[in-house]
Amino acid sequence: MTYMGTALRDGVTGGDVTGGDAACGAAAGGGAAGGGADVLVGGAQAAEELGLSRSEFARAVQLGIVRAGPRTLAGAARYARAELDRVRSVAGPPGALRERVETVAGAQAAAEVVGVGPSRFTRLARCGHVTPVGYRINRYRAVVWLYLTAELRSFAAREPGMLRGIASPADRELMAARADQRPRKWRGRHVGLLLRRTADPWERAAVLASVLPEGELLEAVPDPAERIVLAALGPPPPYGHPQVPAAAAVAAGLLTAGPPDEVRWYRTSLDFALAGARGQSKSTGERGPT
């Protein structure tokens, strides 16, 4: 069997987007002769040059505003000077980039942005009208959802009717069922952003596999060698994922599809992605078992 290409052999399987400070100043093409476009810097330096904090820079990478370059052999992310120049050129007025990645945490802060009370905002979020961009786990092991401020303002301007009056029949039905669309909506956004970062069929399959429950994954990928490939290529936890075991256990549940129809959607998507990945392996002998 042929297992994986150069990226996996080199251990390039993920990592913190703000890591890689040891790579600062490294050159992709070698030396000053390669020109400024070839110079790669680590995440901390890239954040500083864009005028962002570490967390703001991580959000910009997550959203695809800043595209990562080749990683170090240890897997640390690096960023091309040409990419930083591109981001600055399209960012607009000073502070515009920071506004695009600004977030608020929790229903109280989000409600203030939208101009409603916390209980109404919670209902709107639980019914799926606004989508979180991230999460934190507080000291009580409760999930605190993060929202993009710009998206909240856009929602308030676009849907003024939802900010007042009674809930729609569909929302009342969801509320009666104690539904909470926030985890599912966040997973959909998270997976979509990860898929946008790569065209590699095995990496795309790994993204889809990462959100399936273990039993579903075993059924979808019965070959242990393929599961090793998918696990090695799987995405790292999102920025802000807790390290404390108790909190990490809570957050781990957010990374796994829950409702049966959601699981079926990811399972079908994985089947389709694997068909393409296996076909590539047969023709090129790279990435997965052949």
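The values are calculated or read from the model by the stated rules, or taken from the named source; none is laboratory data. Bear in mind the structure is a predicted one, so any value in this text is a computation, not a measurement. Neighbour counts run over all protein chains shown; Cβ positions are idealised from the backbone, glycine included. For accessibility, only protein heavy atoms count, side chains too; no ligands or nucleic acids. Shrake-Rupley method; radii C 1.70, N 1.55, O 1.52, S 1.80 Å.
Remarks
- Pairwise alpha-carbon distances in segment 123-163 exceed 16 Å for 42% of all pairs.
- Both radii were evaluated on the Cα set of segment 34-84; the Rg over Rh quotient, with Rh as the Kirkwood radius, amounts to 0.95.
- Sequence-distant contacts, meaning Cα pairs under 8 Å at least 6 residues apart, place the relative contact order of segment 115-196 at 41 percent.
- Per-residue HN-Hα couplings for segment 169-178 [Karplus 6.51, -1.76, 1.60; θ = phi - 60°; Hz; x = Gly/Pro]: x, 5, 5, 5, 5, 5, 5, 5, 8, 6
- Per-residue ³J(HN,Hα) for segment 140-153, Karplus 6.51 cos²θ - 1.76 cosθ + 1.60, θ = phi - 60°, Hz, x for Gly and Pro: 8, 6, 9, 7, 10, 7, 10, 10, 6, 4, 4, 5, 5, 5
- Close amide H partners of Arg78, meaning residues 5 or more places away or on another chain with modelled amide H under 5 Å apart, are Gly69, Thr72.
- Residues whose amide H comes within less than 5 Å of that of Tyr135, counting only those at least five positions distant or on another chain, are Leu146 (H built at 1.01 Å from N in the peptide plane).
- Cα shape, segment 81-221, gyration tensor, a/c 1.5 rule: oblate
- Computed from phi, the 3J(HN,Hα) profile of segment 53-62 under the Karplus parametrisation 6.51, -1.76, 1.60 (θ = phi - 60°) reads 6, 4, 5, 5, 5, 4, 5, 5, 5, 4 Hz, with x in place of Gly and Pro.
- Taking label positions 7 Å along the Cα-Cβ direction at both Glu159 and Thr198, the computed distance is 3.2 nm, reported to one decimal.
- For segment 86-245, the carbon plus sulfur part of the accessible surface works out to 54%, probe radius 1.4 Å.
- Distance histogram for segment 164-221 (every C-alpha pair counted, 10 angstrom bins, percent rounded to whole numbers): 19, 32, 26, 18, 5
- Taking only the Cα atoms of segment 34-144, the ratio Rg/Rh comes out at 1.08, with Rh defined as the Kirkwood radius.
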